[in-house]
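**Q** Here it is, the structure, as structure tokens.
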Amino acid sequence: MTARRNFKRQVRARAAKTGESYTSALRHFRPTPSGDVMSEARNSKSVRLAVAQTPVREDPRDVDALHESGRQVRALMREASARGARIVHFPEGVICFPHKLVMSVDGPDAVGPADWDRCQWQVLRAELAAIVELARELRLWTVIASVHRLTEPNRPHNSLYVVSDSGEVLTRYDERLLSNTEVSYMYSPGTSPVTFDVDGVRFGCLLGMEIHYPELFAEYEKLDVDCVLFSTTGISPGNAAAQAQGHAAANSYWVSFSVPTQHSATGPSGIIAPNGDWLERCPADGSPSVAVVDLDIGSEIAAESVTYARLWRRESRSGLYTGHQVTDPRSEDRTAAF
């Protein structure tokens, strides 16, 4: 902690002496993983992110509900664009998150294999197509969750589509670690992480119950992401919002936490800084809304977390301590006292 405080004092002293901003002064101090001074181009990366919360509906047979979900998504896209966002991120099941009992062939009182013929696929595709077109019109990157249909008889994926600002589906993330019910009766699991860049800022995607798997978040740290976009429909078991804060702090990157309005009273959508603090959150009153934050790689909060915490963890995991270990009988005798 002393080293960090000294570092910040040095940066602030230079800024005071030269009249530079903290970010500009930082460019003369902050190292890259190779030990070189970080270039101005790298350090100036910034993107404005909007995270949304919307009502999530559970019956894919309800055509009116599917249309209303699409309308609300597009309204929030327009709001995010009006607030200067370059990318907007939505919760899991934002058009519809089919309920296991609604889909069950043994339902509505028992869970069984899902009957995906009950889904209004044409309506779902039409709503997604309208969202993609609006992303093109607004020049707004859009990360939108949906069921992704596969070739029968394979079950669909539970997915996040990444739509570019030119209105193209750039990539898609498929949830890998599903619940017991999902993998037994509803979905096919995905197989790999997904990353993409917007204005030089790198994003990764996670979904559903994957908040409970720290190894997935650690995987994205190794892939050098700056922000993980996490979408879910639920915040239990456990406190998913607190877990998201822990993942952000442990991996020194931003986490965008997107949940339905149904959970806003206890865990509204929001964006977490690389030190684990909330930067901005949606209202806790159940209203559809967006929270907007600038993800600035050169900011003071990113400098402290990434320059020190992330790089030190990488160094400490690389065998750093081997050369410092000693052979000493008082070390080997674990019953030795005082």
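**Q** Tell me what the chain gives for mean residue ellipticity at 222 nm when only DSSP H runs of n ≥ 4 count, each as -39,500 (n - 2.57), the sum divided by the residue total, rounded to 500 deg cm²/dmol.
**A** On the way: 10 runs with 99 residues, N = 338.
Calculated at 222 nm, the ellipticity per residue is -8500 deg cm²/dmol.
**Q** By how many degrees, 0 to 90 and rounded to 10, does the Cα axis of helix 240-251 deviate from the longest principal axis of the chain?
**A** Helix 240-251 and the main axis of the chain meet at about 40 degrees.
**Q** For the chain, set up a GNM with springs between Cα atoms under 10 Å and report which of Asp109, Asp277, Asp59 has the largest fluctuation.
**A** In the Gaussian network model the winner is Asp109.
**Q** Between Ser179 and Tyr321, what is 0.36 nm times their sequence separation minus the Cα-Cα distance? Round to one decimal in nm. Walk me through the intermediate numbers first.
**A** Values: separation 142, 0.36 × 142 = 51.12 nm, distance 3.87 nm.
That works out to 47.3 nm of additional length.
**Q** Here's another thing I want to ask about it. Where a ≥ b ≥ c are the square roots of the eigenvalues of the C-alpha gyration tensor, would you call region 45-162 rounded, which needs a/c under 1.5, or, failing that, prolate if a/b is larger than b/c, or oblate? Walk me through the intermediate numbers first.
**A** Details: a/c = 2.33, a/b = 2.19, b/c = 1.06.
Prolate.
**Q** Further question: At what distance in nm do the modelled label points of Ala126 and His99 sit from each other, each positioned 7 Å from its Cα along Cα→Cβ?
**A** 2.5 nm
**Q** Can you compute the modelled spin-label distance between Ser236 and Gln262, with each label point 7 Å from Cα toward Cβ, in nm?
**A** With each label placed 7 Å out from Cα toward Cβ, I get 1.2 nm.
**Q** With springs only between Cα atoms under 10 Å, which of Ser188, Ser166, Ser318 fluctuates most in a Gaussian network model of the chain?
**A** The residue with the greatest mean-square fluctuation here is Ser318.
**Q** When the chain is modelled as a GNM with alpha-carbon springs shorter than 10 Å, which of Val105, Val63, Val326 fluctuates the most?
**A** So, out of Val105, Val63, Val326, the one fluctuating most is Val326.
**Q** Right, next: Relative to the first principal axis of the alpha-carbon coordinates of the chain, what is the inclination of helix 63-82, with its axis defined by its Cα atoms, in degrees from 0 to 90 and to the nearest 10?
**A** For helix 63-82, the angle is close to 30 degrees.
**Q** Let me ask you something else. Tell me, what ³J(HN,Hα) does each residue in region 179-192 have, in order and in whole Hz, if you take phi through Karplus 6.51 cos²θ - 1.76 cosθ + 1.60 with θ = phi - 60° and put x for Gly and Pro?
**A** Here the 3J(HN,Hα) series is 6, 4, 5, 4, 6, 7, 10, 10, 10, 9, x, x, 10, 8 Hz.
**Q** Still on this structure, please answer the following. Would you work out what percent of the accessible area of region 115-218, with all protein chains in place, is carbon or sulfur (probe 1.4 Å)?
**A** C and S atoms contribute 47 percent here.
**Q** Sort out the exposed loop trypsin sites (Lys or Arg not before Pro) in the chain (DSSP loop, at most 13 other Cβ within 10 Å) and tell me the longest stretch that has none. Present the calculation step by step, with values, prior to reporting the outcome.
**A** Details: sites that count: Arg83, Arg139, Arg317, Arg334.
After excluding every exposed loop site, the longest remaining stretch is 140-316.
**Q** May I ask which residue of Pro156, Pro108, Thr233 lies farthest towards the positive end of the charge dipole of the chain, with charges of +1 (Lys, Arg) and -1 (Asp, Glu) on Cβ and the Cα centre as origin?
**A** Result: Thr233, furthest along the dipole toward the positive end.
**Q** Applying 1/(1 + (r/R0)^6) with R0 = 56 Å to the Cβ-Cβ distance of Leu311 and Arg61, what FRET efficiency is obtained, to the nearest 0.05?
**A** Values: r = 52 Å, r/R0 = 0.92.
Calculated value: 0.60.
**Q** Next question. Per residue, how much accessible surface does the chain expose to a 1.4 Å probe? Answer in Å², no decimals. Before the final figure, lay out the partial values.
**A** Details: 15530 Å² over 338 residues.
Per-residue accessible area for the chain comes out at 46 Å².
**Q** Specify the inter-centroid distance of region 90-106 and region 279-309, based on alpha-carbon positions, in whole Å.
**A** For region 90-106 versus region 279-309, the Cα centre distance is 30 Å.
The values are calculated or read from the model by the stated rules, or taken from the named source; none is laboratory data. It should be emphasised that the depicted structure is a prediction, and the values quoted were computed from it without experimental measurement. Don't worry about glycine lacking a Cβ; one is built from the backbone with ideal geometry, like all the others, and counts go over all protein chains shown. Side chains are part of the model used for accessible areas, which takes the heavy atoms of the whole protein and leaves out ligands, DNA and RNA. Shrake-Rupley method; radii C 1.70, N 1.55, O 1.52, S 1.80 Å.
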